[in-house]
Each structure stands twice: as structure tokens, then as C-alpha cells.
Amino acid sequence: MIYNDVENLTDVLEFYLMALSEEPELQLLLFGLFLSVYLVTVLGNLLIILVIIFDSNLHTPMYYFLSKLSLIDIFFISTTIPKMIVGIKMHSRAISYAGCLTQMSFFLFFVCMDDMILTVMAYDRFVAICHPLHYTVIMNPQVCVILILLSFSVSIFDSQLHNLIVLQVTCFKDMEIENFFCHPSQLLNLACTNTLSSNIVIYFIGIILGIFPVLGIILSYCKIIFSILKMPSSNGKYKAFSTCSSHLSVVCLFYGTGIGVYLGSVVSHSPRKNAMASLMYTAVSPMLNPFIYTLRNRDICNALKRFHSRLF
């Protein structure tokens with residue numbers, strides 16, 4: 001549905017999200033595919049959380065942060081995929097104005113929380129490997145809680161700032177959103193007024209909240225690598241690196257898919273191709289995280305075996 005006339009905010013009752021495919025014969029396949037992805041993501045991350053809670057060997061800062069990352073990934077995928085699944089089933093692309101703003105706020109909050117927690121986990125690995133004798137003192141329970149609360153506060157600030165910027169838009173030239181979920185850039189593109197200043201603020205905040213965490217992770221791993229190289233035994237080097245490999249894989253997946261979505265939107269002008277790229281970021285990344293930690297982390301593997309033996 002295309003609106004040629006400018007719509008005032010008071011007249012806007014709903015937007016229309018883009019369907020990944022208009023072909024009727026593919027709808028059942030897409031419904032089953034995304035429902036499977038969602039269930040695998042939720043159950044996989046929930047299993048990680050339960051294993052960490054019930055296994056006393058995993059009651060350490062590293063796995064405390066991992067449990068929070070898994071919880072965030074459940075909420076992250078829940079902001080977009082269930083709405084898409086319902087839309088495919090009900091043959092509806094409509095989302096209310098309030099629902100669009102709510103989805104956008106939660107999406108930005110959980111993206112930022114993912115970003116912050118991955119940075120905190122890199123710092124945790126830095127302290128564990130570079131300052132092992134002081135690890136329990138530096139990463140005490142109070143510090144862990146403070147780091148999570150700090151991540152929460154930054155994420156709330158980021159989410160609400162974007163929300164306030166979008167709320168300044170008083171009219172829209174179109175109701176068609178060129179993606180399968182609401183994003184501030186998509187809504188600003190629909191604005192009938194000049195949004196240059198709003199876009200500058202959004203990109204500025206995005207650069208700050210994107211570059212600084214990335215720099216923190218890079219700096220932490222540079223120091224980790226130097227510390228590992230100084231270790232005398234090859235066994236010690238392997239053990240130290242193995243504790244970082246799963247986190248490093250998740251970091252590469254998270255930022256790799258995010259950068260891929262951005263570059264794809266710059267290179268390709270096809271909304272449907274950009275939406276498919278966004279799926280990698282919003283659905284595939286949270287789904288793969290539990291598999292990465294179960295396959296590449298020996299502690300989690302052993303804990304899963306103990307958890308399985310208790311149940312059966």
C-alpha cells in the first residue's frame with residue numbers, strides 16, 4: 001500500500017513492514033524456517049543459562065556474563081522474529097505506530113546491551129590472563145553487577161535518545177518500511193521534513209557506541225596476545241587461548257554481520273537484499289552463539305554432560 005500524500009502524525013495509525021517474499025507458495029516454508037530459527041535460538045540460549053545456574057563450577061565472572069549475553073540474545077531475537085512469524089501466518093504486514101516505536105526501542109536497547117556485554121567479557125578475559133593473581137579481587141561480584149548496570153544504563157540512554165529523535169517527526173510521506181522490522185533510519189527516511197540534524201546525531205551516537213567498545217575489545221585482545229606469547233609452556237598458551245576462542249568467535253560473528261549489513265545497504269539499493277542481510281544480524285547471530293560456546297568451550301561441554309546425567 002503506497003500513500004502519495006503526506007500523512008500527519010495524527011493520521012498515522014500503522015506502518016507496513018516489508019515481506020521477505022510475496023510468493024504464496026513460499027509463505028509456509030518461511031513460516032516453518034523462522035519458527036525453527038526462533039525456537040532453536042530461545043532453547044539453545046535458555047539451556048546455556050540453566051547449565052550456568054545449576055553447575056557450581058561455572059559460577060565465575062566469565063560465565064556470569066555469558067548467562068547475561070544468552071538472556072539478551074533471547075530478548076534480542078524476540079523483538080523482530082515473532083512479529084514476522086505472526087505476519088506470515090496472518091498474511092499481514094501492518095504494525096501500529098506505537099508498536100513500531102516499541103519494537104525500535106527494544107531492538108536498539110538489546111543491540112547495545114549485546115555490544116556492551118561483549119566488551120565487558122573481553123575485559124574479563126584480559127584481567128584473567130594478564131592479571132591472574134588479582135583476578136578474584138578485581139572481578140569481584142560487586143564489580144560484575146556494576147558492569148552490568150553500567151551496560152544497562154548506556155543501552156537505555158541509546159534507545160531512548162533514538163526514540164526521542166523519531167518522536168520529533170510530525171509527518172510521513174509514506175507508510176511503507178523497507179525492512180521486516182522498525183529501525184530509526186527507516187522511519188527518518190519516511191519523514192517529509194528535513195532530518196539531516198537527526199541523522200547526524202544518530203550517526204554520532206552510533207560511532208561513539210560502536211567504536212569505543214570495539215577499541216576496548218581490540219586493546220584487550222592485543223594485551224592478551226602479548227601475555228600469551230610470553231608464557232613459557234605451550235600447554236599454558238593453549239589453555240589461555242582456549243578460554244578466549246569462543247568469545248572471540250562470537251565477537252567476530254556479531255560485528256561481522258553488523259558491518260556486513262551496513263556495507264550491504266551502502267553497496268546494494270535493493271530493500272529486499274538489505275532485509276535478507278539484516279536477518280544475519282538479527283536472527284542468525286543469536287542462534288549460533290549457543291553452538292559456538294558448546295562446541296568451542298570445554299567447560300560448557302563438560303557442564304552439559306553433567307546436566308544431562310542429572311536429568312536422565
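Listed values, structure above:
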{"quantity": "Scope the range 22-49; condition in contact (Cβ under 8 Å) with a residue 60 or more places away in the chain and over 14 Å from T80 (Cα atoms); matching residues", "calculated": "Q27, V40, G44, N45, L47, I48"}
{"quantity": "Some residue of the range 280-303 being farther than 22 Å from V40 by Cα and among the polar types (S, T, N, Q)", "calculated": "no"}
{"quantity": "Neighbours by Cβ (under 8 Å, 6+ apart or cross-chain): first from the range 163-185, without any contact (Cβ under 8 Å) to a residue 60 or more places away in the chain and under 14 Å from Y97 (Cα atoms); second part of a helix (DSSP H, G or I) and open to solvent by 10 Å² or more (accessible area, probe 1.4 Å)", "calculated": "Q168/S198"}
{"quantity": "Within the range 146-178, considering residues that are closer than 25 Å to S21 by Cβ and assigned to a loop (DSSP other than H, G, I, E, B), the one nearest to the chain's Cα centre (by Cα)", "calculated": "E178"}
{"quantity": "All positions within the range 52-74 that are over 16 Å from the mean Cα position of the chain (by Cα) and either open to solvent by 50 Å² or more (accessible area, probe 1.4 Å) or of a type in the set (K, R) (or both)", "calculated": "I53, F54, S56, N57, H59, T60, Y64"}
{"quantity": "Residue in the range 145-193 that is most open to solvent (accessible area, probe 1.4 Å), counting only those that are aromatic (F, W, Y) and at pLDDT 85 or above", "calculated": "F157"}
{"quantity": "Helices (runs of 4 or more DSSP H) enclosed by the range 59-145 - at least 1 residues per element that are in contact (Cβ under 8 Å) with a residue 24 or more places away in the chain and polar (S, T, N, Q)", "calculated": "61-78, 97-130"}
{"quantity": "Qualifying helices (runs of 4 or more DSSP H) (wholly inside the range 195-312; at least 3 residues being loosely packed, with under 13 Cβ neighbours inside 10 Å)", "calculated": "196-229, 234-267, 298-311"}
{"quantity": "Residue match in the range 121-134 (condition: small (G, A, S), surrounded by 17 or more Cβ atoms within 10 Å (Cβ to Cβ), under 30 Å from S21 (Cβ atoms) and within 18 Å of the chain's Cα centre (by Cα))", "calculated": "no"}
{"quantity": "Residue in the range 29-41 that is buried (at least 20 other Cβ atoms within 10 Å of the Cβ), modelled with pLDDT of 90 or more, under 30 Å from Y123 (Cβ atoms) and out of contact with any strand residue (DSSP E or B) (no Cβ under 8 Å at 6 or more places or on another chain) present", "calculated": "yes"}
{"quantity": "Members of the range 98-118 that are open to solvent by 30 Å² or more (accessible area, probe 1.4 Å) and either among the polar types (S, T, N, Q) or under 20 Å from A275 (Cα atoms) (or both)", "calculated": "T102, F106"}
{"quantity": "Test: residue in the range 179-190 that is outside any loop (DSSP other than H, G, I, E, B) and touching a strand residue (DSSP E or B) at 6+ places or on another chain (Cβ under 8 Å)", "calculated": "yes"}
{"quantity": "The lone exception for I77 - which of (1) surrounded by fewer than 17 Cβ atoms within 10 Å (Cβ to Cβ); (2) closer than 30 Å to M18 by Cα it fails", "calculated": "(1)"}
{"quantity": "Options A303, A240, A277: the member that is touching a helix residue (DSSP H, G or I) at 6+ places or on another chain (Cβ under 8 Å), small (G, A, S) and without any contact (Cβ under 8 Å) to a residue 40 or more places away in the chain", "calculated": "A277"}
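The values are calculated or read from the model by the stated rules, or taken from the named source; none is laboratory data. None of the values given here were measured: they were computed from a predicted structure. Positions of Cβ are generated from backbone atoms using ideal geometry, with glycine treated the same way; all protein chains shown enter the neighbour counts. Note: areas computed on protein heavy atoms with side chains; ligands, DNA, RNA excluded. Shrake-Rupley method; radii C 1.70, N 1.55, O 1.52, S 1.80 Å.
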